[in-house]
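Engineer: Here it is, the structure in full.
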Amino acid sequence: MTAPGLLERARARNPLPPGTVSVGIGFLVAGATIYVFLAIAARALGPDRYASLSALWAITFLAAPGFYYPVEQEVARALSERGARGVGGGPVVRRAALLGGAFVVALTAISLAASGLLVDEFFDGEALLLVAFVGALAAYAAQHLLRGTLGGTGRFGPYGLLIGTEGATRLAGATILAVVGVTTAGAYGLVVAVSPLVAVTLVGTRERNLMTPGPDAPWNELTRAFGYLLVGSVLAQTMINVTPLIVNVLASDDERELVGKVLIALIVARIPVFMFQAVQASLIPQLAALAAKGEDAEFKARLVRLMAALGAAAAAFTVVAALAGPTVVGAFFGEEYRLGSLDMALLAAASSVYMAALALAQALISISGYRRAAFAWVLGTVTIFAVTAIPGDLVLRAERGFLAGAVVAAATMTVLLLRRLRRGLAVGDQAGDTSMLPMMPEG
């Protein structure tokens, strides 16, 4: 076989979607800078003050991706479909900007109405963290819109640059604060809010022809099943971020330092989830294109290869996290933030199963199985709170809840995806179809 033939064969057998490497570099930079940022903040603030920054971090990355990632997904899908037909996507982006802006206004109003609860219960009385949270809501709306536009038009290099620039900006801000001796959580919170806006400005202004002319985009082109996609996204972000928030709510005054410990352990344990975002950015457009062409066999083959690769990586990382996780946390963040091997193993296992659920959800979304994905996230979230309610050690309760919820979500996704694939990709789900619910007849 010739060299070009071998290269083409290797590409066909690659389990990762095109664009993964470009996006992955950006997420690698962002991931590394996140850990350094959190380490700098943890050492500068100490466990007690770091607890309030931990709460801001968890709430921000529950709300912002939860509400804005569906916009990114739908923009990427719609632009990918238009691109396959040779149609410009500018009207889609403008519609999405209006939708994202509406979310910003609504979420800001809710946050200000609940300001007393947020400041007193989560931010330890530091009002500047509320300012940071509201600012982050606006900044991440702009970032996810740009991400969807870049992903849907196949610009994975700039997509990775956007992610990496955000991380580098956040790290630079934290470094400056630490050097000048700032020890208030609010200042570090403002860095979290400003960094995505800086990245959008630097990367977005250098891209050309993002708003190509095309036919008008009716709302149903972007929101044909948006409610289900939104429910699934919010609950998926709840599952991955709620563990430290549960500890925050249930902890006594003497247990406040546990909040920061759990967040740091979770951040370390979900390294595979973070890196999976590189795959996730290009997975929906690729699978959606295969589904649109009716290439059932290739769709299934790529998904099977991807799941096998994710499973092997997840199993290996869980073992590594159990063996080396406590040492890594102690050395990097400080011994006062260290949890045990069992804690790291449970969080790593839960994060790995959650990653599998994410991949399955992307496959369902790519074939318009919005309701199936949302239903699985509902079951997983309910399971988290049900298991956490079982009395016992506070941290172990939260960890077991996360693991149980991830298992239920992934198992439900698997069953529903297999049932959907048996019908063939040519049979699409409609917005009004109730076949997502497993107890109801298909079709």
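Engineer: Which members of the range 198-213 meet the condition of being outside any helix (DSSP H, G or I), touching a helix residue (DSSP H, G or I) at 6+ places or on another chain (Cβ under 7 Å) and either charged (D, E, K, R) or crowded, with 22+ Cβ neighbours inside 10 Å (or both)?
Structural biologist: The one that is outside any helix (DSSP H, G or I), touching a helix residue (DSSP H, G or I) at 6+ places or on another chain (Cβ under 7 Å) and either charged (D, E, K, R) or crowded, with 22+ Cβ neighbours inside 10 Å (or both): Glu207.
Engineer: Could you list, in sequence order, all residues of the range 147-166 that are buried (at least 24 other Cβ atoms within 10 Å of the Cβ) and not basic (Lys, Arg)? Even if it seems obvious, please write down each step before you answer.
Structural biologist: First, pick out the residues of the range 147-166 that are buried (at least 24 other Cβ atoms within 10 Å of the Cβ): 147-152, 156, 159-160, 162-163, 166.
Hits for the range 147-166 are Gly148, Thr149, Leu150, Gly151, Gly152, Phe156, Tyr159, Gly160, Leu162, Ile163, Glu166.
Engineer: I need the full set of residues from the range 372-416 which are over 19 Å from the mean Cα position of the chain (by Cα), touching a residue at least 12 places away in the same chain (Cβ under 8 Å) and under 30 Å from Ala291 (Cα atoms), in order please.
Structural biologist: Thr412, Thr414, Val415, Leu416
Engineer: Taking the criterion of being within 22 Å of the chain's Cα centre (by Cα) and in contact (Cβ under 8 Å) with a residue 60 or more places away in the chain, would at least one residue in the range 104-121 satisfy it?
Structural biologist: So far as the range 104-121 goes, no, none of its residues is within 22 Å of the chain's Cα centre (by Cα) and in contact (Cβ under 8 Å) with a residue 60 or more places away in the chain.
Engineer: Considering the range 314-342 alone, what residues qualify as being of a type in the set (Gly, Ala, Ser) and touching a Phe, Trp or Tyr at 6+ places or on another chain (Cβ under 9 Å)?
Structural biologist: Gly330
Engineer: Could you please let me know if Gly340 is of a type in the set (Gly, Ala, Ser) and surrounded by fewer than 20 Cβ atoms within 10 Å (Cβ to Cβ)? Step through it out loud before you land on a result.
Structural biologist: Values: of a type in the set (Gly, Ala, Ser): yes; surrounded by fewer than 20 Cβ atoms within 10 Å (Cβ to Cβ): yes.
The answer is yes for Gly340.
Engineer: In the range 19-74, which residues are of a type in the set (D, E, K, R) and modelled with pLDDT of 85 or more?
Structural biologist: Result: Arg43, Arg49, Glu72.
Engineer: May I pose another question? Just a yes or no: is a residue in the range 316-329 surrounded by 15 or more Cβ atoms within 10 Å (Cβ to Cβ), modelled with pLDDT under 90 and not in a helix (DSSP H, G or I)?
Structural biologist: no
Engineer: What are the residue pairs meeting all of these: first residue in the range 134-157, first residue hydroxyl-bearing (Ser, Thr, Tyr), second residue part of a helix (DSSP H, G or I), Cβ atoms under 7 Å, and 6 or more apart or on different chains?
Structural biologist: Tyr140/Ala64; Tyr140/Tyr68; Tyr140/Pro196; Thr149/Val75; Thr149/Leu79; Thr149/Val93; Thr153/Leu79; Thr153/Gly83
Engineer: Across the range 171-182, what is the total count of residues that are surrounded by 19 or more Cβ atoms within 10 Å (Cβ to Cβ) and not in a helix (DSSP H, G or I)?
Structural biologist: Qualifying residue count, the range 171-182: 0.
Engineer: Tell me which residues, restricted to the range 183-197, are farther than 12 Å from Gly135 by Cβ and in a helix (DSSP H, G or I).
Structural biologist: Within the range 183-197, Ala185, Ala187, Tyr188 meet the criteria.
Engineer: Residues of the range 201-242 being of a type in the set (Asp, Glu) and either touching a strand residue (DSSP E or B) at 6+ places or on another chain (Cβ under 8 Å) or touching a residue at least 60 places away in the same chain (Cβ under 8 Å) (or both), which ones?
Structural biologist: Asp216, Glu221
Engineer: Residues in the range 258-272: is at least one touching a Ser or Thr at 6+ places or on another chain (Cβ under 8 Å), closer than 21 Å to Ala376 by Cβ, at pLDDT below 80 and of a type outside the set (D, E, K, R)?
Structural biologist: yes
Engineer: Can you name the number of the only condition in (1) surrounded by fewer than 23 Cβ atoms within 10 Å (Cβ to Cβ); (2) in contact (Cβ under 8 Å) with a residue 60 or more places away in the chain; (3) outside the structural domain of Leu360 (by TED's automatic domain parsing) that Leu245 fails?
Structural biologist: Exception for Leu245: condition (3).
Engineer: How many residues does the range 373-401 hold that are in a loop (DSSP other than H, G, I, E, B) and either charged (D, E, K, R) or buried (at least 21 other Cβ atoms within 10 Å of the Cβ) (or both)?
Structural biologist: Residues that pass the stated criteria total 1.
Engineer: Another question, then. Residues Leu162, Leu118, Leu190: which one is modelled with pLDDT of 95 or more and in contact with a helix residue (DSSP H, G or I) (Cβ under 8 Å, 6 or more places away or on another chain)?
Structural biologist: Only one candidate passes the filter, namely Leu190.
Engineer: While we're on this one: Does Val353 satisfy the condition of being over 24 Å from Ile271 (Cα atoms) and either acidic (Asp, Glu) or touching a residue at least 12 places away in the same chain (Cβ under 8 Å) (or both)?
Structural biologist: The answer is no for Val353.
Engineer: Could you give me the residue pairs with C-beta distances under 7 Å whose first residue belongs to the range 158-175 and is within 12 Å of Leu38 (Cα to Cα), whose second residue is hydroxyl-bearing (Ser, Thr, Tyr) and surrounded by fewer than 24 Cβ atoms within 10 Å (Cβ to Cβ) wherever it lies, and which are 6+ apart or on separate chains?
Structural biologist: Partner pairs satisfying both residue conditions: Gly167/Thr33; Arg170/Thr33; Leu171/Thr33.
The values are calculated or read from the model by the stated rules, or taken from the named source; none is laboratory data. Quick caveat: nothing in here was measured; it's all calculated off a predicted structure. A quick note on method: Cβ atoms are made from the backbone with ideal geometry, for glycine too, and the neighbour counts reach across all protein chains shown.
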